[in-house]
Structures are given as structure tokens and as C-alpha cells.
Amino acid sequence: MQDAFVRAAERWPVDGVPANPGAWIVVTARNRAIDRIRREQVLLRKTELLARAEQLPEDEERAIPDERLELIFACCHPALAAEAQIALTLSLVGGLKTADIAHAFLVPESTLAQRLVRAKRKIRDAGIPFRVPPDPLLPERLAAVLRVVYLVFNAGYGPPVRRELCAEAIRLALVLATLMPNEAEVHGLHALLLLQDARRDARVAADGSLVLLDEQDRTRWDEPEIAEGRRALERALTLRTPGPYQLQAAIAAAHGEDERDWNAIARLYGRLAALDPSPVVELNRAVAVAMADGPAAGLDLVERIDGLADYYLFHSTRADLLRRLDRNDEAKVAYERAAALAPSSVERDFLRARRGAL
Amino acid sequence: MQYMLLIYDDPAVWAAMPEEESNAYYGEYMAFTNALRESGKLVSADQLQPTSTATSVRVRKGETLTTDGPFAETKEVLGGYYLITADSLDEALEWGAKVPSSKVGTIEVRPVVEYPVETPA
């Protein structure tokens with residue numbers, strides 16, 4: 001964006017200050033960027049990036065790969081608010097239309113348009129650099145990029161499912177994996193998204209209600225996508241740099257086995273908790289321990305967790321374990337608490353149905 | 001580009017500090033200012049006297065209102081600033097993180113408005 005100021009300095013005394021100098025600068029910067037990209041297309045053919053670029057899905061609208069990495073890091077800069085990072089990434093990197101992004105995140109189009117304008121303005125005015133961060137900053141900045149991609153996928157995973165968001169998140173993860181092949185967590189995230197996405201058709205029943213993993217029709221799982229996810233996970237693991245996304249992907253892969261190794265899953269959650277201590281991870285570990293060692297062991301772990309009093313899955317997990325221990329009165333209370341805290345009617349109906357079945 | 005590093009901290013925190021600790025901070029400030037100066041990126045810097053020395057002036061409808069104190073009573077107050085040059089926000093943030101008060105307060109990093117340079121006719 002810097003040379004747009006130079007251009008402005010050169011042109012304005014001659015042409016006069018334009019009516020809307022801000023917009024002119026942004027447009028000029030974009031045109032400059034496009035010119036630069038076109039000139040560098042020739043250069044690109046001569047670099048090793050060509051090999052990687054050819055692995056990307058065919059799409060003429062997509063920008064040149066090496067510019068895209070700089071763009072992704074600029075869009076996900078910590079100086080921008082999280083919602084701005086997501087909107088910008090989807091708009092500038094994903095090429096989604098403002099209306100579609102707004103619709104996907106359930107905000108009015110004008111709100112999202114404003115968010116994009118303000119974010120671009122901040123990039124320009126505050127001097128957010130257009131570059132891949134240097135090594136000392138890279139771990140923290142890459143984590144922010146991966147978080148944005150994960151948030152996009154999560155928003156699309158719902159319920160309700162918004163396929164285009166999940167697909168876009170996976171596409172972004174693939175771009176990152178192609179451009180940063182030596183980053184294990186990038187492959188880890190890519191694997192995680194593929195493995196979760198593979199279950200999308202089995203996860204929600206025709207009436208919109210949730211189908212638990214155990215009860216899912218496995219024939220509706222996307223086997224090629226699972227295979228792709230496993231390959232991505234292998235790529236991650238060969239880099240021998242463990243991380244939270246890789247562990248989550250390994251857990252997702254383990255859940256896909258016909259004979260689930262609950263001890264292994266519990267151990268993976270234990271390792272995840274060591275890297276990313278959070279009550280939610282502890283909750284998931286408790287569920288795995290319950291499957292491996294029985295509901296009493298799981299409930300014991302659940303009751304030791306602090307800070308999830310407002311989280312519906314905490315109460316629904318407790319309810320399920322109490323049910324399995326034939327403590328039905330307590331289970332009913334827990335299901336009702338869970339239903340009251342549920343984020344949407346899909347979960348609420350599911351939990352009330354469970355309570356009713358007791 | 002030029003950036004202001006605005007230093008906000010809580011005077012109560014400084015007042016409660018044992019002398020060795022505050023002396024250590026002053027030492028860090030001297031080292032930081034020297035490093036900034038040696039890098040050639042320092043434009044200017046000052047520590048401000050405490051907000052108890054501040055006076056606020058407002059002119060409304062032609063009338064000048066002078067009051068004792070800063071513009072707003074806040075817990076964290078403006079204690080000083082560095083005006084620096086930097087090529088990008090990241091460079092300014094890097095300096096901002098090194099300001100000793102970043103450990104106890106907040107450093108606001110704000111770009112200075114730049115006007116296009118007039119080329120002579």
C-alpha cells in the first residue's frame with residue numbers, strides 16, 4: 001500500500017485532490033497490486049513455487065500463490081479484531097461476495113460491508129505490513145491464521161450446516177498446506193477439517209436433529225475425504241512437531257475406526273490437555289475415559305472440572321454418565337440444565353428427548 | 001511512517017513498588033531510550049509529570065473553562081510518549097513491546113497522520 005501514497009503525492013498536485021482520496025488510494029493500491037501480480041506471473045514461472053502452484057485447484061480467479069500467503073497474514077494481523085480477520089480473509093483470500101459472507105455469519109450486509117471497509121482502512125492507515133512474518137513472529141501469527149480458518153469451518157459446521165463455509169475453510173487450509181509444507185500444524189488443521197467434514201452427511205438427520213457419532217450411518221461418511229484427511233495427518237506427523245491441531249486430527253481419525261480404541265483416544269486427549277489446558281479438553285477426555293474404564297471413572301473426572309457451569313455439553317455429558325450409572329433422577333436434572341443452555345433448538349430438542357426417554 | 005507510542009500506566013502501581021524495583025525500571029527506560037536513539041528511529045520522547053500537575057482547558061461558546069486535573073479521571077493515565085519512525089506497524093509494535101511500562105501498563109501504538117508531500121511547481 002505504501003507506493004499508492006507515492007502515486008498520490010505525484011498525481012494530486014497535477015490533477016487536484018480527488019473527491020474521495022481514501023477510496024482512490026485503496027483502488028490505486030489494488031490496481032498496483034494487480035499490475036504487480038501480472039508482471040510477476042512471468043517471474044513465478046521460473047521459480048520453484050510453480051511446482052507447488054500446480055498442486056492448487058484450478059481456478060483462474062485465484063491470485064498468485066506467493067501473494068496469497070502475504071495476503072492471508074495481513075488479513076489475520078492481530079491489530080485487526082477477530083471478526084474483521086475472518087471477514088477480510090473470506091473476502092480477499094476466499095473471494096467470497098460480501099452478501100454471501102454476511103449471510104453465512106447472519107449479519108446484515110451493510111454491517112459486514114462496513115467491517116470490511118474499516119479493516120482495509122486500518123491496514124492502510126496503521127501500516128499493517130503485507131508480508132509473511134519473520135521467524136520470531138511466525139508461530140504466533142500462524143496460530144492466528146489457523147484460528148481464523150478453524151473459526152470459518154466451525155461457523156459452517158453448525159448446525160445448521162453451511163456447506164460453502166466448510167468448503168472454503170478446507171480450500172484455505174489446502175492453500176496454506178501447499179504454501180507452508182514444513183509447518184506441521186498447518187497439515188494438522190487441514191487433516192482435522194477434512195476428517196470432520198467427511199461426517200457432514202451423517203451428522204444431521206433429515207429433520208435437522210443431531211446424530212451422535214456412535215449412531216451415525218457410516219456409509220454416509222465421505223471415505224475419499226477421510227483418506228485425504230489421513231494422508232494430511234501423516235504429512236504432519238512426519239514433521240515431528242506435535243501440536244494441538246494434529247492431536248485433534250488424530251482423535252478425529254481414531255473416532256473413525258470401526259473398533260474404537262478408547263484408551264488411545266483418552267491418551268490423545270491427555271496429551272492435548274498438556275499442550276492446550278482447557279476444561280473443554282478435560283471434558284472430552286472424561287468422555288473417552290468413561291468409554292475405556294466405565295462411567296464411574298468418567299463421572300469422577302467430569303465432577304472435577306471447573307468453569308463449565310454454563311456449557312450445555314458439560315451438563316449433557318454429566319447427564320449421560322449418570323444415566324449409565326442408573327442415577328436417573330439426577331440425570332433428568334442434568335439433561336434439563338443442558339437443554340436450558342443449548343445454543344439452538346436442534347440441540348435442545350435432542351436433549352429433551354433424552355430426558356423424556358428416562 | 002511515524003508512530004506515537006503512548007505510555008499508559010497506573011500511578012498506584014508505581015507508588016506501591018519497592019525502590020529497587022522502580023530503580024530497575026528507570027534503568028530499563030534509559031537502556032530502551034538509548035537503543036531507540038542508536039537505531040536512528042527516535043524522533044522525540046518525554047516523560048510527563050503526574051496528572052496531579054495537569055490542568056484542562058476547554059472553550060465553549062466563547063467562554064474559557066479551566067479545571068484542575070487531566071481530561072478524564074482514569075485508572076491508567078498517560079505517563080509519557082515516544083515518537084518514532086518505523087516501516088510498518090510490526091516494527092512499531094516491536095518497539096512498543098520493549099517499552100518497560102508494557103509489563104505493567106499498556107502501550108498504545110498509533111500512526112501519525114501524514115499529508116501528501118506537495119511537489120513544487
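The values are calculated or read from the model by the stated rules, or taken from the named source; none is laboratory data. It should be emphasised that the depicted structure is a prediction, and the values quoted were computed from it without experimental measurement. Here the Cβ positions follow ideal geometry from the backbone for every residue, glycine too, while neighbour counts run over all protein chains shown.
The single condition from (1) closer than 27 Å to A:Tyr245 by Cα; (2) without any contact (Cβ under 8 Å) to a residue 60 or more places away in the chain that A:Asn328 fails is (1). With respect to (1) outside the structural domain of A:Met180 (by TED's automatic domain parsing); (2) closer than 22 Å to A:Met180 by Cα; (3) in contact with a Lys or Arg (Cβ under 8 Å, 6 or more places away or on another chain), the lone exception for A:Ile86 is condition (3). Note on segment A:131-167: residues that are crowded, with 17+ Cβ neighbours inside 10 Å and within 14 Å of chain B (Cβ to nearest Cβ) amount to 4. Which condition from (1) farther than 22 Å from A:Gln246 by Cβ; (2) in contact (Cβ under 8 Å) with a residue 60 or more places away in the chain is the one that A:Val148 breaks? Among (1) farther than 22 Å from A:Gln246 by Cβ; (2) in contact (Cβ under 8 Å) with a residue 60 or more places away in the chain, the lone unmet condition for A:Val148 is (1). Within segment A:200-229, the set of residues being among the charged types (D, E, K, R), surrounded by fewer than 17 Cβ atoms within 10 Å (Cβ to Cβ), assigned to a helix (DSSP H, G or I) and at pLDDT 85 or above comprises A:Asp201, A:Arg218, A:Arg220, A:Glu223.
Looking at segment A:174-181, is at least one residue within 24 Å of A:Ala288 (Cβ to Cβ) and hydroxyl-bearing (Ser, Thr, Tyr)? No - not one qualifying residue is present in segment A:174-181.
Listed by position, the strands (runs of 3 or more DSSP E) contained in segment B:40-121 that have at least 2 residues being more than 14 Å from chain A (Cβ to nearest Cβ) and touching a residue at least 40 places away in the same chain (Cβ under 8 Å) are B:42-47, B:77-85.
Being surrounded by fewer than 21 Cβ atoms within 10 Å (Cβ to Cβ) and under 21 Å from A:Gln196 (Cβ atoms) is a property that holds for A:Ala104.
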